[in-house]
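The values are calculated or read from the model by the stated rules, or taken from the named source; none is laboratory data. Keep in mind that this is a model prediction, so the values were computed, not measured. A quick note on method: Cβ atoms are made from the backbone with ideal geometry, for glycine too, and the neighbour counts reach across all protein chains shown.
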Amino acid sequence: MGTAALALKDLWPCFEGIIPATIATCAKDGTPNISYVSQVHYVDPEHVAISFQFFNKTRKNIAEHPFASVMVLDPRAMQAYRLSLTYERSESSGPLFQAMSLQLQAIASHAGMSDVFRLRAADIYAVRHIERVDGFTSWPVPAHDERPPSLFIDPNLHALRVVAEQLNRAECLGELLETALRCLDEFFGLHHTMLLLVDEKRRTLQTIASRGYDENGVGSEVGFGEGLIGMVAAAKLPLRLSGLDHTLRYARAVRDRAQALSGPESLCREIPLPGLSNASTQIAVPLIIRHRCLGVLVAESLEPLTLLIREEAVMAIVAGHLAAGIEQSAQEADDSVAVEAPAAAAPPVHSPLSHRSFCFYQADDCIFVDGEYLIKNVPGRILWRILKQHQDEHRVEFTNRELRMDSWLGLPEWKDNFETRLILLRKRLEQKCPDVRLVPRGRGRFALETSVKIILSEKPA
């Protein structure tokens, strides 16, 4: 390995803490000081971290002259490398500090030195130069093909680890769904994504979360077997289509020709699907738990050949986490979190309107607000029950338990998916009438908040 080829990540055995390193600093007057370092920590391709435990003289020197030289050794062949460092900052909190502190605490505890070894800070240094120290030992350096592969994981694998950690920290179903789409965007460049969940009774999928679209498509529906999304749900298999725009243009040309020959009633209607109207590439991955499809995770792109096998694999892993989280939510007791975890009260919404008119259509459980469609089916009945009790009884607070036990809502006895329906309802209200909100009030409780007068009417079946 020549000097030109040296990179910090190539020195990973030196950062395993097998052989202590040495750090050399000098005072303002030029007096040198050399100390042992138990471990030098890899931070990124341009930075290392050194634990600040004692280092009184080293710390004093760095404060006066922020340059250091560190000697690290590869334990496989005792090959030495000199790192020229510049001090940048110290961290006493955050993921890096916590990881280094935990490591130190574990070693200290094992050695019965918990009260002695305590990390005060993680000192971050920029690596200005890496130099191989030739002749440090006479031991032969193993040939390149004899060396073990790098332990530094692929960036995509590291990103998946971070995503999994964030998903596992989600405190409620709503947070889980939003976190999944945000992570796919931020870590993997999947800028247009949506999540549809299954309504097993009606054999449909409803969009419950989306990201990257000009218009939020929450509430849109797809039937089992309809289009890419419906086919994936029915087959319980992932599907990836490239050149989707070209394929659809061809299919529509054939369709137009068939209708010209046989009449417009000869064919089934074209399914208007949620998402980009001119997507070139699309991936849909089912959320499977014990052979049941709970929903479909979808990613789209306007550019061809941008969503490939890598993206499909990433989505499959995220879909697995989502399926497990949704299943866990369905199994929780009646006092589970209603809309999302308790949070600080949001500021009141000041509406230019004086009132909102809600109309409930009994024939299909559909609700319109100010003449525009809002929601239907079970979420529609839930909203209507809340609004009626608010009007008739002046109630503002409600519980999961009482609504689950309300027979008029028609919730299935098994896996009622109440939380997902409440999330959908909350998001539709945010879209269409943000001055009427469902706000968490603790576990299993939420409140109806409004800054306008609510007017209710019904249309009989």
> Restricting attention to region 439-461, which residues are buried (at least 18 other Cβ atoms within 10 Å of the Cβ) and among the hydroxyl-bearing types (Ser, Thr, Tyr)?
Replying inline: THR450
> In region 82-98, what residues are under 34 Å from the mean Cα position of the chain (by Cα), closer than 16 Å to SER69 by Cα and surrounded by 15 or more Cβ atoms within 10 Å (Cβ to Cβ)?
Replying inline: TYR87
> Could you list, in sequence order, the residues of region 165-194 that are at pLDDT 90 or above and of a type in the set (Gly, Ala, Ser)?
Replying inline: ALA180, GLY189
>> Exactly one condition in (1) closer than 24 Å to GLN206 by Cα; (2) modelled with pLDDT of 90 or more is false for ILE375; which is it?
In response: (2)
> Restricting to region 384-415, what's the tally of residues that are crowded, with 17+ Cβ neighbours inside 10 Å and either within 29 Å of the chain's Cα centre (by Cα) or among the acidic types (Asp, Glu) (or both)?
Replying inline: 2
> Could you count how many residues in region 286-309 are within 16 Å of LEU177 (Cα to Cα) and touching a Gly at 6+ places or on another chain (Cβ under 9 Å)?
Replying inline: 5
> Do we have GLU397 as of a type in the set (D, E, K, R), over 15 Å from VAL218 (Cβ atoms) and without any contact (Cβ under 8 Å) to a residue 40 or more places away in the chain here?
Replying inline: no
> Restricted to region 11-66, and to residues that are charged (D, E, K, R) and under 20 Å from ALA121 (Cα atoms), which residue is surrounded by the most Cβ atoms within 10 Å (Cβ to Cβ)?
Replying inline: ARG59
> If you take the residues in region 163-212 that are of a type in the set (D, E, K, R) and assigned to a helix (DSSP H, G or I), which one is nearest to the chain's Cα centre (by Cα)?
Replying inline: ARG182
> So which residues in region 157-216 are among the β-branched types (Val, Ile, Thr), touching a strand residue (DSSP E or B) at 6+ places or on another chain (Cβ under 7 Å) and surrounded by fewer than 20 Cβ atoms within 10 Å (Cβ to Cβ)?
Replying inline: THR204
>> Is it the case, given these coordinates, that LEU151 is surrounded by 13 or more Cβ atoms within 10 Å (Cβ to Cβ), of a type in the set (A, V, I, L, M, F, W, C), under 38 Å from the mean Cα position of the chain (by Cα) and modelled with pLDDT under 90?
In response: no
